[in-house]
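Okay, so here's the structure we're looking at.
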Amino acid sequence: ILRKTLSKRGVRVITGLGKYFRHIDKNRNGFLSQSDFKEALKIFHLEIPEGDFESLWLILDDSKSDKVDYGEFTRAIFGEMNEYRKAFVRKVSFAYMKLDFNKTGSVPMVDIRKCYCAK
């Protein structure tokens, strides 16, 4: 049911859910509780019947830890990345590593200007 609903509303909902998940993940461990996950679905108007939610939760929480991470959620909805997307991610990651001179995890505009010319 959730996959069907998401396919109708698309990328905006997934992107919004990702931002919301990161916002409510106060301890930055990448995991959400069942109640947080249920609330997120409600906020994004992805409400599903309780029985279906329980089934979804059992699939997402396959480790039985009473929490789920956003990566598991997206893989459950979209499946694994195809080889084209994996290659693209590797290229972007390589480019980012070159830009992140100080290995801080962020790239200031000054460093981007050193490496990129828009002419």
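Applying the criteria of a DSSP loop state and at most 12 other Cβ atoms within 10 Å to the trypsin sites (Lys or Arg not before Pro) of the range 11-105 yields LYS26, ARG28, LYS64, LYS103.
Place a +1 charge on the Cβ of each Lys and Arg in the chain and a -1 charge on the Cβ of each Asp and Glu, then give the dipole magnitude about the Cα centre in debye, rounded to the nearest 20.
With only Lys, Arg, Asp and Glu charged at Cβ, the dipole is about 960 debye.
Pairs exceeding 25 Å between alpha-carbon atoms, taken from LYS98/LYS119; LYS38/LYS64; LYS38/LYS91; LYS38/LYS86; LYS19/LYS42: LYS38/LYS91; LYS38/LYS86. Per residue, the chain exposes 75 Å² of solvent-accessible protein surface, assessed with a 1.4 angstrom probe and all protein chains in place.
Counting only residues at least eight positions apart within a chain, or on another chain, the aspartates and glutamates with an alpha carbon under 19 Å from that of LYS67 are ASP25, ASP36, GLU39, GLU47, GLU50, ASP52, GLU54.
Is the range 36-85 best put as rounded, prolate or oblate by its Cα gyration tensor, with a ≥ b ≥ c the root eigenvalues, rounded for a/c under 1.5, and otherwise prolate when a/b is larger than b/c, oblate when not? Here the range 36-85 falls in the prolate category.
Among the chymotrypsin sites (Phe, Trp or Tyr not before Pro) within the range 24-119, those in coil by DSSP and having at most 12 neighbouring Cβ atoms inside 10 Å are PHE101, TYR116. A straight Cα-to-Cα reach below 16 Å connects LYS114 with the aspartates and glutamates ASP100, residues fewer than 8 places away in its own chain not being considered. Here the chain exposes an accessible surface that is 58 percent carbon and sulfur, computed with a 1.4 Å probe and the other protein chains kept in place.
Straight-line cross-link reach from LYS103 at under 17 Å between alpha-carbon atoms covers these aspartates and glutamates, not counting any fewer than eight positions away in the same chain: ASP111. Taking a ≥ b ≥ c as the square roots of the eigenvalues of the Cα gyration tensor, an a/c ratio of 1.5 or more together with a/b no larger than b/c marks the range 5-74 as oblate. Modelled spin labels at VAL13 and ALA118, positioned 7 Å past Cα toward Cβ, are 3.5 nm from each other.
Contour minus end-to-end for ASP111 and ILE24, with contour as 0.36 nm per residue of separation and end-to-end as the Cα-Cα distance? Let's see the in-between values first.
Numbers: separation 87, 0.36 × 87 = 31.32 nm, distance 3.10 nm.
28.2 nm is the gain from fully extending ASP111 to ILE24.
Taking a ≥ b ≥ c as the square roots of the eigenvalues of the alpha carbon gyration tensor, the range 42-119 is prolate, as a/c is not under 1.5 and a/b beats b/c.
The values are calculated or read from the model by the stated rules, or taken from the named source; none is laboratory data. Model, not experiment: these values are computed from the prediction. Because the Cβ atoms are built from the backbone with ideal geometry, glycine has one as well, and the counts that use them run over all protein chains shown. The protein model used for the area step is the full one, side chains on, heavy atoms only, and it has no ligands, DNA or RNA in it. Shrake-Rupley method; radii C 1.70, N 1.55, O 1.52, S 1.80 Å.
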